[in-house]
Amino acid sequence: QLQLVESGGGSVQSGESLRLSCAASGFTLDYYAVGWFRQAPGKEREGVSCISSSDGSTYYANSAKGRFTISRDNAKNTVYLQMNSLKPEDTAVYYCASLLQAMCVTDSPEEYFYWGQGTQVTVSS
């Protein structure tokens, strides 16, 4: 069974940190770029970050740059998103998804193939 499962969400106060995990089962993430997305109530899903498998290059939305760090552990078949200095505007459901290629070439959700069910992140002021 092919699955991506997000975990690590929760409720925190402004300025605190969370680490989200995206674990794959039924297939390996070694060869594919993986992105993190988020969707807040009433808003469109937006790209947050992406990590390539070919050279490990990383990309961040302007809102995440300097605060969030994406990484991967191929041995655990898992991609992480470390989120520091969280702000109320970071509140959203966070999703991970994989491209069917090695490089992060797009931040468009429509181009990503496998998706998890999401994990809720709530940041209070």
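The values are calculated or read from the model by the stated rules, or taken from the named source; none is laboratory data. None of these values were measured; they are calculated from a predicted model. Cβ: placed from backbone, ideal geometry, glycine included. Neighbour counts: every protein chain shown. Keep in mind that these areas ignore ligands, DNA and RNA; they rest on the heavy atoms of the full protein, side chains included. Shrake-Rupley method; radii C 1.70, N 1.55, O 1.52, S 1.80 Å.
Determine whether residue 47 is on the phi > 0 side of the Ramachandran plot and of a type outside the set (Val, Ile, Thr). Answer is no for this residue. For the range 47-62, a tally of residues being touching a residue at least 60 places away in the same chain (Cβ under 8 Å) and open to solvent by 40 Å² or more (accessible area, probe 1.4 Å) returns 0.
Matching residues to (1) loosely packed, with under 15 Cβ neighbours inside 10 Å; (2) in a loop (DSSP other than H, G, I, E, B); (3) out of contact with any strand residue (DSSP E or B) (no Cβ under 8 Å at 6 or more places or on another chain):
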| position | (1), (2), (3) |
| --- | --- |
| 42 | yes, yes, yes |
| 64 | no, yes, no |
| 69 | no, no, no |
| 72 | no, no, no |
| 94 | no, no, no |
| 110 | yes, no, yes |
| 117 | yes, yes, no |
| 123 | no, no, no |
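Taking the range 98-108 as the range and being closer than 16 Å to residue 24 by Cα and either touching a helix residue (DSSP H, G or I) at 6+ places or on another chain (Cβ under 7 Å) or exposed (fewer than 14 other Cβ atoms within 10 Å of the Cβ) (or both) as the test, the residues that pass are 99, 100. Every listed requirement among (1) surrounded by fewer than 18 Cβ atoms within 10 Å (Cβ to Cβ); (2) more than 16 Å from residue 103 (Cβ to Cβ); (3) among the hydroxyl-bearing types (Ser, Thr, Tyr) is met by residue 80 save one, (1).
Candidates in the range 31-40 are the residues that are in a loop (DSSP other than H, G, I, E, B) and open to solvent by 50 Å² or more (accessible area, probe 1.4 Å); of these, the one that is farthest from residue 88 (Cα to Cα) is 31.
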